[in-house]
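J.: Next up is a structure, given as structure tokens.
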Amino acid sequence: MLGKRIIPNVSEGNALVQICSVLIVSIGGFSIGAHFAWPSPSTPQLIQNTSYIGQVTIEEASYFSVISGVSTIASSFLVANAMKHVGRKRIIWSMTIPQLLSWILIAQAKSIAPIYIARALSGIGEAIGFCTITVYIGEITTPELRGKWGSMFSCATLLGNLCITVANDYIGIATAAYIFLFAPLLQLVLVALLPDSPYFLLEKGRYDDAKAALRQLRWKTDVDDEFLALRKDVERQISESGSFMDLLKIVTNRRALWYIFQLAGAESISAEASSISVGTVSFALSIFALPIISRFGRRAMLITS
């Protein structure tokens, strides 16, 4: 945490610290995207006789997605609870551990068992990222920046989808796993430099730390008005009760749906080309959407999509 003497005594502040913080935690999104898409380019290679761990059956390969999905669901409940007590920053920092271990296991695997373990670990990392990173971004950014930069996590995830698909197809599974160690290693170092969420610090009654975090994030010393507004918001949220059943009782929550995008095979192009094409288009459009979201609003964009 930077000292108050370093932060300039100005009224306007600077958005650079917020943007850098968003970019740093979005590195986790890149890792999540790479792990999430890993089975798509890897399975066709592993079911061949030339696989670096020996031939894998289609049935054995089908568990790659299942294991990570189950791990993500099971871990999400623990992560959501830990986030309230440990804090967003520490939880985001901790996601690098299962991601690092997962890539190492994939790179060093001699049989399918280590890959199963790697998929379970990647699921833990995905749970931490999906539960925590978007919350952290929402809590550290101003409304003006939130609309434009709040989607960076999704962009990084799609970039990870694309990069792992290309890397696995052209340099092989093991080599790609070694290369992709750079993302969690970079996040491990950089996240330690970030301030924690002012919301979390206020929830814990650490008012001085919350104000110091706000000063660093806004890059100005005069944050009294925003601090008082945030404090009132946090106190109101703490006083309001909520439960898991609200997901079913509230009409708008019942209307919310998760969707699964399934890519069907085509005879005209290969599976590898299909994966790369989808990843490229998704990432390109996610970047294109960044300035549009802040201009037209999230509701209009969701209806359009």
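The values are calculated or read from the model by the stated rules, or taken from the named source; none is laboratory data. In this text, all values refer to a predicted model and were calculated from it rather than measured experimentally. FYI the Cβ positions are ideal-geometry reconstructions off the backbone, even for glycines, and counts take in every protein chain you see. Accessible surface areas use protein heavy atoms only, side chains included; no ligands, DNA or RNA. Shrake-Rupley method; radii C 1.70, N 1.55, O 1.52, S 1.80 Å.
J.: If you keep only loop residues by DSSP, which chymotrypsin sites (Phe, Trp or Tyr not before Pro) in segment 38-126 have at most 14 other Cβ atoms within 10 Å of their Cβ?
T.: Working: sites: Tyr52, Tyr63, Phe64, Phe77, Trp93, Trp103, Tyr116; in loops: Tyr52.
Those that pass, being in a loop and sparsely packed, are Tyr52.
J.: Then there is this: Anything over 18 Å Cα to Cα? Flag those among Lys84/Lys220; Lys89/Lys220; Lys211/Lys232; Lys84/Lys148; Lys204/Lys232, in the order listed.
T.: On the way: Lys84/Lys220 27 Å; Lys89/Lys220 21 Å; Lys211/Lys232 14 Å; Lys84/Lys148 26 Å; Lys204/Lys232 14 Å.
Result: Lys84/Lys220; Lys89/Lys220; Lys84/Lys148 exceed 18 Å.
J.: Now a separate question. Sorted by accessible area with a 1.4 angstrom probe, largest first, how do Asp208, Asp233 fall? The partial results should precede the final answer.
T.: Numbers: Asp208 130, Asp233 55 Å².
Heavy-atom accessible area, descending, gives Asp208, Asp233.
J.: State the percentage of accessible surface on segment 1-119 attributable to carbon and sulfur atoms; use a 1.4 Å probe and exclude ligands, DNA and RNA.
T.: Working: 3920 of 5980 Å².
The value for segment 1-119 is 66 percent carbon and sulfur by accessible area.
J.: In what order, largest first, do Lys110, Lys211, Lys84 sit by accessible area if the probe radius is 1.4 Å?
T.: Values: Lys110 165, Lys211 50, Lys84 120 Å².
Solvent-accessible surface, decreasing: Lys110, Lys84, Lys211.
J.: With a sphere of radius 15 Å drawn around the Cβ of Gly129, what net charge do the other residues whose Cβ falls strictly inside it have (Lys, Arg +1; Asp, Glu -1)? Mind showing how you got there, number by number?
T.: On the way: positive: Arg88, Lys89, Arg90; negative: Glu126.
Net of charged neighbours comes to +2.
J.: Related question: With a sphere of radius 15 Å drawn around the Cβ of Ile53, what net charge do the other residues whose Cβ falls strictly inside it have (Lys, Arg +1; Asp, Glu -1)? Don't skip to the answer; put the middle values down first.
T.: Working: positive: Lys110, Arg119; negative: Glu60.
After counting each charged neighbour, the total is +1.
J.: Right, another one. Quick one: with all protein chains in place, what share of the accessible area of segment 125-191 is carbon or sulfur, to the nearest percent (1.4 Å probe)?
T.: Values: 1790 of 2440 Å².
Carbon-and-sulfur percentage of accessible area, whole number: 74.
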